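Since every read-out is calculated from the coordinates, none of them should be taken as a lab result. The shown structure was predicted, so the numbers you read here are calculated from the model rather than taken from an experiment. Cβ coordinates were reconstructed from backbone atoms using ideal geometry, including for glycine residues, and neighbour counts include every protein chain displayed.
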Amino acid sequence: MHTNTLEETELTDTTNEPQAENSEPTSTTQPELPEQPTSTTQPELPEPETTALVTTEPDIIEGEFVEIDPPEASENHIPPKQKPYWLLIPLTICLCLSIPGVSLLLPVLSPSATITIIPAERTLTTTAAIQVSGRQLPPLTLMQSMSAPATGKRHRDAARAHGTITFYNGLLTSQTIAAGTVLTGSNGTQVATDQPAVIPAANPPLEGQVTISAHALSAGAGGNIQAFDINQACCATSVVAKNTQAFTGGASARDFLAVRRTDINTVVTSLLLTLSRSENAALQAQLHPGEALAVSTCTPHIASDHKPGDEANQVTVTVSETCGGIAYAPREVYTDAMQLLTAQAATTLGANYTLLGDIQITIVQATATDHRQGSVEMDVQVTGVWVYQITPDMQQHLLHLIAGKTNQQAASMLLQFPGIAGAQITLKGGNQTLPQDPRRIHLIVVYQSASE
């Protein structure tokens, strides 16, 4: 029991002393060794154990320090922070409560009436002759050919061959052969006379003779007999009939293709379009920087190898076109045209109208007037759209004018305004009266030409 108390005391003192003084107990225990023989009691023998305990004291103290003082270690330990998930509950409740409030305040804070105004627009057009800088370009001729199939369909009935018959009379008196007399050729083809044949009397040594027309009885190419296929005595005494020339024109019935007017026109249109593009490109190549091209009248010439109605499988068309051009200064044209139309607008519409967009210029005709000075006279057509100006001050005036009015009253007042062509009023919540506060009225100006 005494030894344990001593060990605890020494251990306590050792923990309170600096580590540098731990070597001193070893030297202090050695003077006490001579006193051990004077003691007769054996229980005091553990003192050498105390010395052995002191030598190993630093290791034991370090291990026991961690185990003896857990409260100090727990005081320095910082527990991990937990995320405040509980805050999501009040935030969700606030959000749900704010939605109805915003929906109630939105109609109050936002405009409750929308008015769409269409300003009055006027289209002005003028035609004038202006003088600008320019020059005449040399004329250019291009030619092109193209073939196209014939699309016409024709039917031709069988045709009879036609020719002549000569009658010879050997009598000294005249003789008459009736019309419709049938004669048969050597190949069996029959022909009939078309008129009576009065054969004069013979005058020896010459025979009397007369020639009349005749036709083959059967239609078709078989009636095209050769000359003298008919050479025989017939019809009366001393009378001989001959076809001194071949019969022609006999043909069988058949279908065939023929050229139509549209076949030729279609080719001409295509060729003119191609030639115009080529000529325009060739004339553009002759322009100087800052110049534009005005093409003068072009002269086309059209030729085809078949006329409309001709039997053919295809038709070939040749088109040649000669065009001249004028190079002019477009900036001068625009400036003069703008001045002309602006002056007309100021005279007819007044100062409250302004140009909407840009003007459109169409060159009607261009003629070079002075080749030496390089001037060109151009007939131009200028078109522009002028719109009434709804200024911000005017918009505020209109808003104060119609505030608190009914839908019909506000529409009537707006339409009586000279610069407004149309108005549309939209009220929220089924109201029929505009708000008293002009700030709750939203005004929109829409230009018709700009929206088209």
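Quick rundown of the values:
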read-out	value
Semi-axis lengths (Å, descending) of the ellipsoid that matches the C-alpha gyration tensor of the range 288-330	39, 9, 6
Residue order, fewest to most surrounding Cβ atoms within 10 angstrom, among 331, 440, 372	372, 331, 440
For 417, 228, order by how many other beta-carbon atoms lie within 10 Å, fewest first	228, 417
Between the range 133-209 and the range 319-375, the Cα center-to-center distance that results, in Å	65 Å
Derived scalar couplings ³J(HN,Hα) [the range 238-251; Karplus, 6.51 cos²θ - 1.76 cosθ + 1.60; whole Hz; x for Gly, Pro]	6, 10, 10, 10, 9, 9, 6, 10, 6, 7, 9, x, x, 8
Order of 291, 279 under a 10 Å beta carbon neighbour criterion, fewest first	291, 279
